[in-house]
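Novice: Before I ask anything, here is the structure I am working with.
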Amino acid sequence: VQLVESGGGLVQAGGSLRLSCAASGRTFSNYAMGWFRQAPGKEREFVATINWNGARIFYADTVKGRFTISRDNAKNRVYLQMNSLKPEDTAVYYCATRNSGTTAFDRYEYDYWGQGTQVTVSS
């Protein structure tokens with residue numbers, strides 16, 4: 001299984017970015033996906049998760065109302081639309097998948113990870 005993130009960059013506070021994660025190596029539509037992030041000196045934290053068909057979605061409280069996770073099973077991609085970005089959103093963002101179609105919040109429940117994409121929000 002391979003996951004490749006893209007779409008990170010430098011943006012001013014209040015701006016938006018859309019992250020994309022391309023998956024390959026197995027039937028994408030069978031499995032749940034998640035986004036996590038890791039800031040310097042901090043542990044990797046949960047951001048959002050989506051189940052296999054997109055019917056169940058959950059967010060961390062810190063991003064709820066600002067970020068939107070979605071998936072396109074025909075394109076084998078998952079997205080993270082990030083609006084109203086804040087400096088504290090600065091981190092490396094990782095896409096992950098697990099060997100189950102159901103959502104999960106704990107990073108240890110995910111089996112495959114991308115290499116990450118840097119998001120930097122300036123004040």
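The values are calculated or read from the model by the stated rules, or taken from the named source; none is laboratory data. In this text the structure is predicted, and so the values were computed from the model without any measurement. Note: ideal-geometry Cβ built from the backbone for every residue, glycine included; neighbour counts use all protein chains shown. Areas reflect the complete protein model, heavy atoms only, side chains present, ligands, DNA and RNA absent. Shrake-Rupley method; radii C 1.70, N 1.55, O 1.52, S 1.80 Å.
Novice: Mind checking which of 101, 39, 90 is farthest towards the positive end of the chain's charge dipole, using Cβ charges of +1 (Lys, Arg) and -1 (Asp, Glu) about the Cα centre?
Specialist: 101
Novice: While we're looking at this one, here's another question. Which whole-number percent is the relative contact order of the chain (Cα, under 8 Å, 6+ apart)?
Specialist: The value is 36 percent.
Novice: So, with a 1.4 angstrom probe, what is the percent of accessible area on the chain that is carbon and sulfur?
Specialist: Of all accessible area on the chain, carbon and sulfur atoms account for 46 percent.
Novice: Follow-up question, since we're still on this one. Ratio of alpha-carbon Rg to the 2.2 N^0.38 Å globular estimate for region 13-108, to two decimals, please.
Specialist: Dividing the Cα radius of gyration by 2.2 N^0.38 Å gives 1.03.
Novice: Averaged per residue, what accessible surface does region 27-123 expose to a 1.4 Å probe, in Å²?
Specialist: Computed with neighbouring chains in place, this is 50 Å² per residue.
Novice: Let me ask something else. Quick check: residue separation of residue 6 and residue 60 times 0.36 nm, minus the Cα distance between them. What number comes out in nm?
Specialist: 17.3 nm
Novice: Using a Gaussian network for the chain with springs between C-alpha atoms less than 10 Å apart, which of these wobbles most: 102, 68, 27?
Specialist: Taking springs between Cα atoms under 10 Å, the residue moving most is 27.
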